[in-house]
Amino acid sequence: MNVIFYIASIIAILATIMVITGRNAIHSLLFLIVSLLAIGVVFFTLGAPFMAALEVIIYAGAIMVLFVFVIMMLNLGKAYEKMEESWFSYKAWLGPGILCIILLGELIYVFTVTKGSGRQLTVISPQEVGMTLFGPYILGVELAAMLLMTGIIGAYHIGRRKQKEYHRLLQKEEEPA
Amino acid sequence: MNPIWAHILTLVLVLLVMVTIAAGLIYVERRMLAVWQDRLGPNRVGPFGLLQVMADMIKIFFKEDWIPKFADKRVFVLAPMIVMISILMTFAVIPFTPLISVVNLNIGLLFFLAMSSLGAYSIVLAGWASNNKYSLLGAIRGSAQMLSYEVFMGLSLMGVVVMAGSFNLHDIVMAQNKVWYFIPQIVGFVVFFIAGIAETHRLPFDIPEAESELVAGYHSEYSGMKFGMFFVGEYLGITLISALIVTLYFGGWRGPHFLPPVIWFLIKMFVFILIFILMRASLPRPRYDQLMSYGWKILLPLSLLNLLITGACVLYFK
């Protein structure tokens, strides 16, 4: 399982880098999907199969399809890729890149110095996840449900069909001459 | 035999049998449609026209595999692979008999839902990469249809999960030793069946590829073996949904002892495949808004109600 964990995490990191450096929006999204799938595998190897399945169903399967949908409707062409290329200049990413590398070095140093307490892998079954969610964390679940409900009502309100208004030419026709 | 080799053998066997069944369905569908429509159907190539599949396959292999100049090549090639991979992966969790199954996964049913939601990408990407308005329209219809029908599909399955107390398909089959779940879960079964037709975008829900409006929908630009993959993918989808219906609602490999379990499984599976084909032969295509409102206004409340009542009954009788 250890080897699978490392392979999946490397794929996740590489795919995420490709998301950031990609110029074509759809190709970047495809890499993001790969990254999410790899994270799903990471969850699975860490003993959380339920989380892994939800990661794939909700993030990779539902939310990302909507992203692809929107980008598909925008119909970005070659001109947009050129524009993206001009934005992605050395000046833009060199500074943040160096800072991130310093942080990464620190992170690796901290991980190598502090000895981990030894991973104790326990596989969490879906039942246990449900018991925890609807036991100690019931408040969070309820709040999330309310938030989603407000989202649905808001979306319905925005997307509702407007009251029928006649075209001004038609209105004139209806009036007695 | 070495358990690893046995495992690989099972895997290859399941893969081969499923792809062969899916390819054979092309012939079965044409013959059965002909029977129900009082025609003859393909009966010239070989005995009873059985070699028609071979002829079709040879033809499709030798066709020019053309990628349009205006298409996004990489995504164009990727799209038909996704449909095959996502469907074939799901066969891994299906218990054909107590012994023949590729993996005994404790989240088997969720794995199916995950793979079917990934299958939506093949349509979206095929439509987008083709760079053609009919393909794009087909892709938009298809992805909206798959996204919304996935919701009820998942919810309708939860009734079975509540009754069996597990996502594991082996456990679900084992839990049906007294009564097959289509009796207590008849509402869930009907919703799942309808959602399954929509997921495989078969008639009457073949709106993404409605040939009278959209040329061939999302795969208008595909030819040769890439088209073949979409084509066989559709039949694989039918086989998969039928196999899942059998596993979840009709006792899987269970049956009287005079036949081995795998035969029972295949018999039940073929009954549902034939029902799929009969639906195609007999039902007209609804309008797009009818499809959507039917799903969200009828199937969604129905599956939620089913889940609620099932949960209450399970708690009450425990």
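The values are calculated or read from the model by the stated rules, or taken from the named source; none is laboratory data. Every value quoted in this text rests on a predicted model; they were computed, and no experiment measured them. Glycine gets a Cβ as well: all are built from the backbone with ideal geometry, and neighbour counts include every protein chain shown. Protein only, heavy atoms only, side chains kept; ligands, DNA and RNA dropped before computing areas. Shrake-Rupley method; radii C 1.70, N 1.55, O 1.52, S 1.80 Å.
What is the P(r) of region B:184-318, as percent of Cα-Cα pairs per 5 Å bin from 0?
In whole percents, the pair-distance histogram is 2, 9, 14, 17, 17, 15, 12, 7, 4, 2, 1, 0.
If DNA, RNA and ligands are ignored and the probe is 1.4 Å, what is the ranking of B:Tyr27, A:Tyr6, B:Tyr316, A:Tyr80 by accessible area, most exposed first?
From most exposed to least exposed: B:Tyr316, A:Tyr6, A:Tyr80, B:Tyr27.
Using the alpha-carbon atoms, what tilt in degrees (0 to 90, nearest 10) does helix A:25-45 show relative to the longest principal axis of chain A?
40 degrees
How would you rank B:81-88, B:29-36, highest first, on the average number of other Cβ atoms within 10 Å across their residues?
B:81-88, B:29-36
Using only the alpha-carbon atoms, how far is helix B:73-90 inclined from the longest principal axis of chain B? Give it as 0 to 90 degrees, nearest 10.
In chain B, helix B:73-90 runs at an angle near 30 degrees to the longest axis.
Through the Karplus equation 6.51 cos²θ - 1.76 cosθ + 1.60, θ set to phi - 60°, convert the phi angles of region A:82-90 into ³J(HN,Hα) values in whole Hz; use x for Gly and Pro.
4, 4, 4, 4, 5, 5, 8, 8, 4
Counting heavy atoms of the protein chains only and a 1.4 Å probe, report the per residue accessible area for the protein assembly as shown as a whole number of Å².
Here the residues of the protein assembly as shown average 57 Å² of exposed surface.
Which value at 222 nm does chain A reach when only helices count, each DSSP H run of 4 or more adding -39,500 (n - 2.57), with the total divided by all residues and rounded to the nearest 500 deg cm²/dmol?
It comes out at -23500 deg cm²/dmol, rounded to the nearest 500.
For region B:266-318 and region B:14-83, write down the distance between their C-alpha centroids in whole Å.
A separation of 28 Å, based on Cα centres.
On a C-alpha basis, how far is the centre of region B:194-224 from the centre of region A:1-66 in Å? Whole number, if you could?
A separation of 29 Å, based on Cα centres.
Per residue, what volume in Å³ does the convex hull of the Cα atoms of chain B enclose?
Per residue, the Cα convex hull of chain B comes to 152 Å³.
For helix B:108-130, what angle does its Cα long axis make with the longest principal axis of chain B, in degrees from 0 to 90 and rounded to 10?
So the inclination is approximately 10 degrees.
Report A:Thr150's accessible area, 1.4 Å probe, all protein chains in place, as a number in Å² to the nearest 10.
Near enough 90 Å² of accessible area.
Which residue, A:Ala145, A:Ala60, A:Ala25, tops the fluctuation ranking in a GNM of chain A built on C-alpha contacts under 10 Å?
Judging by the Gaussian network model, the answer is A:Ala145.
Using the C-alpha gyration tensor of the protein assembly as shown, what are the square roots of 5 times its eigenvalues, in whole angstrom, with the largest one first?
After scaling each eigenvalue by five and taking roots: 36, 33, 28 Å.
From zero outward in steps of 5 Å, how is the percent of C-alpha pairs of region B:137-226 spread across the bins?
3, 13, 19, 17, 14, 10, 9, 8, 6, 1, 0
So if we plug the beta-carbon distance of A:Val141 and B:Val35 into 1/(1 + (r/R0)^6) with R0 = 41 Å, what FRET efficiency do we get, rounded to 0.05?
Taking R0 as 41 Å, the efficiency between A:Val141 and B:Val35 is 0.20.
Which residue, B:Arg44, B:Arg254, B:Arg141, tops the fluctuation ranking in a GNM of chain B built on C-alpha contacts under 10 Å?
Residue with maximal mean-square fluctuation among B:Arg44, B:Arg254, B:Arg141: B:Arg44.
Determine the gain in length on full extension of the stretch A:Arg160-A:Ile63; use 0.36 nm per residue of separation and subtract their C-alpha separation, reporting nm with one decimal.
32.7 nm
Restricted to Cα positions, what overall size does region A:2-174 have along the principal axes? Three whole-Å values, descending.
Principal-axis extents of the Cα atoms in region A:2-174, largest first: 83, 51, 24 Å.
What residues does region B:81-116 have that are buried by at least 30 Å² of accessible area in the full protein assembly compared to the chain on its own, 1.4 angstrom probe?
Residues losing area: B:Asn106, B:Ile107, B:Leu110, B:Ala114.
Run the simple label-point estimate for B:Gln290 and B:Ile275 please: 7 Å along Cα→C-beta, distance reported in nm.
2.2 nm
What accessible area, summed over both chains, is buried at the A-B interface (1.4 Å probe, Å², nearest 100)?
2100 Å²
Ignoring ligands, DNA and RNA, please state the percent of accessible area on chain B from carbon and sulfur, probe 1.4 Å.
Of the solvent-accessible surface of chain B, carbon and sulfur hold 73 percent.
Give me the count of lysine pairs in region B:66-317 whose alpha carbons sit under 30 angstrom apart, restricted to pairs 8 or more positions apart or on different chains.
Within region B:66-317, the lysine pair count is 7.
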